[in-house]
Structures are given as C-alpha cells and as structure tokens.
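Q: If you scroll down you'll find the structure; I have some questions about it.
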Amino acid sequence: MSNNQETKILIATLELDANARLGEGALWHPTEQLLYWVDIEGRALHLYDPESGEDKKLDVGERIGTVVPIEEGGALVALQNGIFRIDIKTGELTFVSNPIKEKDIRFNDGKCDPAGRFWVGTMALDTREGAAKLYRMNQDGSIDEVLHNLTISNGIIWSPDKKTMYFTDTPTQKVKSYAYDNQTGEISNEKVIIDIPESEGAPDGMTIDAGGNLWVALHGAGAVAQYNPVTGKLLQKVKVPATNTTSCAFGGKNLDTLYITTGREWLSEEKQKAYPLSGGLFFVKPGEKGLPANFYKGSLKG
C-alpha cells in the first residue's frame, strides 16, 4: 500500500499459549474484568483472567461462533444449532432461538449494538458464496434477517456516536459502513469504506477505539490493522506471530490492551512449524483505548 511508509508497525506478544483450533470472538467483559473468547472448532467458550493467568474453559459440545454478555447475567452464545444462554459458572445451556433452517450453515461472528440488540451472522460450512445472512435479535427476542446473500458474515462494530455500523463479509475484502438508527436498529446507506488488497490478508473480526478508528484482524496475514473509517487510511499495523489472526478486542482495567485471537485449523504442517504459537492469544498496547462492550438488554425466560 502506498501509505506503508507512514504506517506505525507494532509487534504483538503472546499472552496465553492456548493452542486453540480456531480462536475467535474476543470480548472484554467490563464488570467481570475477564476476556471472553471462543474456540469455534474446539467447541468451547473461554473466560480468561489476565490478572491470574487463569483460562476457564466451558465445553459447549458444538461449534461456537461468538459470545456476548447479558445485562441480567450470564451470556448469549451462538452455537451451530442456535442461540443459547450460558450459565458462566456451570456451563449450563438454555436454548433461546434458532433462525437457521439448513444443517450445513453455522453462526459466525456477532456483537451487541449500543441499544442492546444482538447481531450475529452465519456462514456455510463449505463457505459457499451467497449462503450467509446477518441477523438481529431484538430486545423482545424476535429475530430479523437484516442482510442476505453474504458468504462469511464477520466483523461488526458501532461508532462511538452510535450513528454508524461497520461490517465485513470476509471474501469481499471490503469493510462497509451503514447509517445506523439506535432507536430502531435499522441500517441504510451502505458504503464501502475500506478495500483491502488480498496480499494484505482477509478482513475478519473487528473492533473500534475511543477515537472512532477501526481495528481489523487480517486473516492469513498475521496482522491487525488500524484504519480511519472516514478516509480508509491505514494508520497502524500490529504484526502477530501467528498467520491466522481472527479477532481483536480492547481490554484490561483501562481498556488500553488490544487482545488478539488466532487459530491453527487448516494450517499446513509447514505453516504450523513456521508459526508454532498459532492458536495462541496475543496482546499489544497500541496507545489507544477501546470502549466498553455492549450487553444484550433483552429479558430471557428460563
């Protein structure tokens, strides 16, 4: 990219040698002071405490796409066969809803919007084009299909002023913005704001800093990049010693640590030898702060 000479390069450090098959869904729980993250193919939810170094693992028995905290306690997890509430003390799962009809489609990345709705996307197990959707679970538990004809519904985040939603469908190599109505959850005015060359990796999980700049995990490139969403300019790049970087989240007491998940699934033997820390959890202090994660604000029975 032409602006590489101006781009600040940072190096991430290993935080936890987790050996995850497909680490994803990083989210800092602001009240528990824990990093929630998932191992999709390892079929587990992890709760990591950076203070003690303890990583609590809850087996969920099927692929897990993402996790979000619930305001009234516990968390929502998007599993292969639906959205469930999970008791984070016991790991007990309670079924909530499942809009997916096909057996070979699974949930992927998702987060809660500022008003407390849960947005979560899907993908086909064979990653076939056009098979994926993006859903919105409202506070009353109803589910709306918001986008369709996607392939790998992935990173999603909202601007600090709650007026813009950012989203990526990974194989398009693009990050898009939408005008977002916090009152209704409606989105409009789709625009491509960042176009990532394939040589730079594929856009995966995404977060935002307090200044409104995006941080995008670049799958296949061992990097997380900070972009200005207004100009599309690459501002900083974090190099990670694991090629398949998947998601990132600001955490720590001051929300000034960027945690990065990675995976080792589908890596060749040669790549696994070259990147032995693949599947680990990494961190960097990039000189920016994040925003507290949004909770699901609906009431769930049972």
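Q: So, in the stretch 41-73, exactly how many residues are under 13 Å from the mean Cα position of the chain (by Cα) and without any contact (Cβ under 8 Å) to a residue 60 or more places away in the chain?
A: So the answer is 4.
Q: For the stretch 119-137, what are the residues that are farther than 21 Å from Leu58 by Cα and buried (at least 18 other Cβ atoms within 10 Å of the Cβ)?
A: Trp119, Gly121, Thr122, Met123, Ala131, Ala132, Lys133, Leu134, Tyr135, Arg136, Met137
Q: Related question: Which of the residues spanning the stretch 6-35 are without any contact (Cβ under 8 Å) to a residue 40 or more places away in the chain and under 25 Å from Asn294 (Cα atoms)?
A: Within the stretch 6-35, Thr31, Glu32, Leu34 meet the criteria.
Q: Answer yes if at least one residue in the stretch 102-112 is buried (at least 18 other Cβ atoms within 10 Å of the Cβ), closer than 24 Å to Met206 by Cβ and modelled with pLDDT under 95, and no otherwise.
A: no
Q: I would also like to ask the following. Specify the residue that is farthest from Asp55 (Cα to Cα); the eligible residues are those in the stretch 269-302 that are of a type in the set (Ser, Thr, Tyr) and at pLDDT 95 or above.
A: The selected residue is Tyr296.
Q: If you go through the stretch 143-162 one residue at a time, how many are in contact with a Gly (Cβ under 6 Å, 6 or more places away or on another chain), touching a residue at least 24 places away in the same chain (Cβ under 8 Å) and on the phi > 0 side of the Ramachandran plot?
A: 0
Q: Would you mind telling me which numbered condition in (1) among the small types (Gly, Ala, Ser); (2) touching a residue at least 40 places away in the same chain (Cβ under 8 Å); (3) surrounded by fewer than 24 Cβ atoms within 10 Å (Cβ to Cβ) Gly220 fails?
A: For Gly220, the exception is condition (2).
Q: Residue by residue through the stretch 32-66, note down the ones that are charged (D, E, K, R) and within 25 Å of Gly82 (Cβ to Cβ).
A: Correct list: Glu32, Asp39, Glu41, Arg43, Lys56, Lys57, Asp59, Glu62, Arg63.
Q: Continuing with the same structure: Which of the residues spanning the stretch 199-235 are within 17 Å of Gly251 (Cα to Cα) and either among the β-branched types (Val, Ile, Thr) or not in a strand (DSSP E or B) (or both)?
A: Residues satisfying the conditions are Thr207, Ile208, Ala210, Gly211, Gly212, Asn213, Val216, Val224.
Q: Which one of these is surrounded by 24 or more Cβ atoms within 10 Å (Cβ to Cβ), modelled with pLDDT of 95 or more and among the polar types (S, T, N, Q): Thr231, Thr243, Thr207?
A: Step by step, each of Thr231, Thr243, Thr207 is checked, and only Thr207 is surrounded by 24 or more Cβ atoms within 10 Å (Cβ to Cβ), modelled with pLDDT of 95 or more and among the polar types (S, T, N, Q).
Q: Determine which member of the set Asp126, Asp140 is in contact (Cβ under 8 Å) with a residue 60 or more places away in the chain and more than 26 Å from Trp28 (Cβ to Cβ).
A: Just a single option satisfies the conditions, and that option is Asp140.
The values are calculated or read from the model by the stated rules, or taken from the named source; none is laboratory data. It should be emphasised that the depicted structure is a prediction, and the values quoted were computed from it without experimental measurement. Ideal geometry is used to build each Cβ from the backbone, glycine not excepted, and the neighbour counts take in all protein chains shown.
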